[in-house]
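Report on the structure given below.
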Amino acid sequence: MKAASIHELQKELITLEPKQLLELCIRLTKYKKENKELLSYLLFEAHDEKSFIKNIKEEIDILFSEMNRTTAYLTKKTLRKILRFINKFIKYSGSKQTEIELRIYFCNKVKSARIPIDSNTVLSNLYHRETEKIKTILSKLHEDLQYDYKQEVEEL
């Protein structure tokens, strides 16, 4: 089965009644956890981005506290898990400001956890990729916001 384009879906959704649209949304959320999380974000958290960021940062703190640091391999796996978690919520938000805040927070947590970045190539590459993403996003932000985040980025 070939999936319809966004434009075709949009045309069809306009023709539906509100009750049918609600049933479709509920049905979508039943099948994938990501759909349910996205709908939850849009309904309950999209209006208050600051509290959304605060909640994500708390979750990141929990994930860092549970990190297994016995070997570099396990540390790398945990950091990648945390990054997948962060990327998922960045995708939900779609805001560059949210993205830069969460990425800066991740890098600061890596530094404060005293993870030996320089002793392992994979960990070093992971960290430097994040700093490069931060610099790329920073260049796309408004000048006032760039100034606000520039000091934090330089500390990384």
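Listed values, structure above:
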| item | result |
| --- | --- |
| Residue selected from the range 110-129 under the condition over 14 Å from T70 (Cα atoms) and free of Cβ contacts under 8 Å to residues at least 12 places away in the same chain, by the criterion surrounded by the most Cβ atoms within 10 Å (Cβ to Cβ) | I117 |
| Conditions (1) under 14 Å from the mean Cα position of the chain (by Cα); (2) not in a helix (DSSP H, G or I): number failed by T70 | (1) |
| Residue that is over 13 Å from the mean Cα position of the chain (by Cα) and part of a loop (DSSP other than H, G, I, E, B), where the choices are I62, I115 | I115 |
| Hits in the range 27-38 (condition: part of a helix (DSSP H, G or I) and either surrounded by fewer than 10 Cβ atoms within 10 Å (Cβ to Cβ) or within 23 Å of the chain's Cα centre (by Cα) (or both)) | L28, T29, K30, Y31, K33, E34, N35, K36, E37, L38 |
| Residues of the range 1-18 classified as among the acidic types (D, E) and not in a helix (DSSP H, G or I), total | 1 |
| Enumeration of residues in the range 43-77 that are in contact (Cβ under 8 Å) with a residue 40 or more places away in the chain and of a type in the set (D, E, K, R) | E49, K57, D61, R69, K76 |
| Filter pass, K11 being of a type in the set (K, R), touching a Lys or Arg at 6+ places or on another chain (Cβ under 9 Å) and farther than 30 Å from S124 by Cα | no |
| Residue that is surrounded by fewer than 19 Cβ atoms within 10 Å (Cβ to Cβ), assigned to a helix (DSSP H, G or I) and in contact with a helix residue (DSSP H, G or I) (Cβ under 7 Å, 6 or more places away or on another chain), where the choices are Y105, Y92 | Y105 |
| Meets criteria (in a helix (DSSP H, G or I) and of a type in the set (K, R)) for R129 | yes |
| Residue among K133, K140 that is within 19 Å of F85 (Cα to Cα) and either touching a Gly at 6+ places or on another chain (Cβ under 6 Å) or not polar (S, T, N, Q) (or both) | K133 |
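Only the coordinates and a few stated rules stand behind these numbers; no lab work does. Source: prediction; values computed, not measured. Virtual Cβ from ideal backbone geometry, glycine too; neighbours counted across all protein chains shown.
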